[in-house]
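Colleague: Structure provided below as structure tokens; questions to follow.
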Amino acid sequence: MAILVFIVFVLLIIYGGLISFYHRSWNQLPLFAVTKAGREEQVFVSVVIAVRNEAAHIQALIRSLDQQQYPKDLFEIIIIDDHSEDDTWRQLQEIADEAAHIVILKNKGESKKKAIETGIHSSRGTLILTTDADCRFSPLWIRTIVSFYLLNDARCIAAPVAMDGASNLVGIFQTLDFLSMQGIAAAAVHKRFHMMGNGANLAYEKKAFFEATGFEGIDKIPTGDDMLLMHKIYSLYPDKVFYLKSQDAIVTTVPEKTWKAFFRQRIRWASKAIYYQDKRIFYVLWLVYLLNAGLGAIAIACIWNTSWLFLLVLLILAKTIIEYPFVYSVAAFFRQQKLMKFFAVLQPLHILYIIISGGMGRFGSYTWKNRKVK
């Protein structure tokens, strides 16, 4: 047991150094804002959205995109139906009949990557923006990304995603977990430490997508249309991949409604870890998993020897103290710092979640939108 505690203590020290690095990098990342209309109105943009069984979200999605403060003749919305089994396609047909800037397509492949690829092949844009059907957007979303793209001569841009509407325990838990992931993604991309992003708010040059051979080589992987693609573009343009830290560029989505749906989502995300070509992120994920697994093992040991309980509490408290300032600074950017009052009390649950989702992501299977993936 003493050896286990020693290992966890060493891992906690390394973890503390890593979180401190992320925190400093996040704070060093400058805020970006569009001050006035300029050259961004020279760029044609294609917003590409793969949808599956999203009938409940389609109307609100289009309303949000139609509020963009970007010339209607300079962007198009391409929605690819990925074998929906509900009313999604009928709604899309009705919408497309009334809006010339909306293009609807059918995915002839069997994956989200194939759907996105279909949309990109049909697009007219210089810049591709990808998002999801359950997302909503600031009116300055497109303009801000395009302005940042031109200013930095970017090839790929990861942009912020926030969860909105956390009204119960599962929602609050997801939101806090997602805040930490957003902060890590921003810090890591800013420092070129490893590539992280979210397909709900990702932009890349159409030309760069094809130069990186698109999803070729990762097309058989059931997830990773964001981070794995980012790494491919980064391999070609290591100085042209950025994180856009701007409140005008935030895309909001909603948390999963149940614990079961939440774990399915996180297991799906965790399942792509073994495919990362960038070993730095692989090592980071292993550090996080081993630390939490070690804490879980000590918790189990406390069942037979309660004298270890005090030490376990101290270790969890130390982990909380390490993480809190970083996550709070990210929460402040997203204006969600009021949720931080739940951060400490949810730590034991977060440790359990990391252990389960990490293990299932590597060795288990999941069902996502009626598709079973092993």
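Colleague: Restricting attention to the range 176-227, report how many residues are over 12 Å from the mean Cα position of the chain (by Cα) and either closer than 24 Å to L339 by Cα or in a helix (DSSP H, G or I) (or both).
Modeller: Matching residues across the range 176-227 total 11.
Colleague: Being within 28 Å of Q174 (Cβ to Cβ), open to solvent by less than 20 Å² (accessible area, probe 1.4 Å) and free of Cβ contacts under 8 Å to residues at least 60 places away in the same chain narrows it down to one of V251, V241, V189, so name that one.
Modeller: V189
Colleague: Among the residues of the range 254-269, write down those that are surrounded by fewer than 19 Cβ atoms within 10 Å (Cβ to Cβ), of a type in the set (A, V, I, L, M) and more than 13 Å from the chain's Cα centre (by Cα).
Modeller: Scanning the range 254-269 gives a single hit, A261.
Colleague: F209: aromatic (F, W, Y), crowded, with 21+ Cβ neighbours inside 10 Å and either in contact with a strand residue (DSSP E or B) (Cβ under 9 Å, 6 or more places away or on another chain) or free of Cβ contacts under 8 Å to residues at least 40 places away in the same chain (or both), yes or no?
Modeller: yes
Colleague: So, one more: Restrict the check to the range 133-147 and report whether at least one residue is among the aliphatic types (A, V, I, L, M), assigned to a loop (DSSP other than H, G, I, E, B), open to solvent by 30 Å² or more (accessible area, probe 1.4 Å) and touching a residue at least 40 places away in the same chain (Cβ under 8 Å).
Modeller: Yes; the residues of the range 133-147 include at least one that is among the aliphatic types (A, V, I, L, M), assigned to a loop (DSSP other than H, G, I, E, B), open to solvent by 30 Å² or more (accessible area, probe 1.4 Å) and touching a residue at least 40 places away in the same chain (Cβ under 8 Å).
Colleague: I'm told E323 meets every condition in (1) open to solvent by 20 Å² or more (accessible area, probe 1.4 Å); (2) farther than 20 Å from V254 by Cα; (3) at pLDDT 95 or above except one. Can you identify the failing condition by its number?
Modeller: The number of the failed condition is (1).
Colleague: Got a number for residues in the range 65-94 being open to solvent by 10 Å² or more (accessible area, probe 1.4 Å) and touching a strand residue (DSSP E or B) at 6+ places or on another chain (Cβ under 6 Å)?
Modeller: 1
Colleague: Return the residues of the range 231-244 that are closer than 22 Å to M163 by Cα and either over 14 Å from the mean Cα position of the chain (by Cα) or part of a helix (DSSP H, G or I) (or both); say none if nothing qualifies.
Modeller: Within the range 231-244, F242 is the sole residue that qualifies.
Colleague: Now, a different point. Condition first: open to solvent by 60 Å² or more (accessible area, probe 1.4 Å), part of a helix (DSSP H, G or I) and over 18 Å from H350 (Cα atoms). Now tell me which residues in the range 298-308 satisfy that. Before you say what the answer is, go through the steps one by one.
Modeller: Within the range 298-308, the subset open to solvent by 60 Å² or more (accessible area, probe 1.4 Å) is 300, 303-308.
When the remaining residues are screened for being part of a helix (DSSP H, G or I), the result is 300, 303-304, 306-308.
Matches in the range 298-308: I303, W304, T306, S307, W308.
Colleague: To continue, here is another question. I'm trying to understand the selection: among the residues of the range 64-122, which are of a type in the set (D, E, K, R) and outside any helix (DSSP H, G or I)?
Modeller: Answer for the range 64-122, where residues must be of a type in the set (D, E, K, R) and outside any helix (DSSP H, G or I): E76, D81, D82, E85, D86, D87, K106, K108, E110.
The values are calculated or read from the model by the stated rules, or taken from the named source; none is laboratory data. None of the values given here were measured: they were computed from a predicted structure. Counting neighbours? That spans all protein chains shown, and the Cβs are built from the backbone with ideal geometry, glycine included. Ligands, DNA and RNA are excluded from the accessible area calculation, which covers all protein heavy atoms including side chains. Shrake-Rupley method; radii C 1.70, N 1.55, O 1.52, S 1.80 Å.
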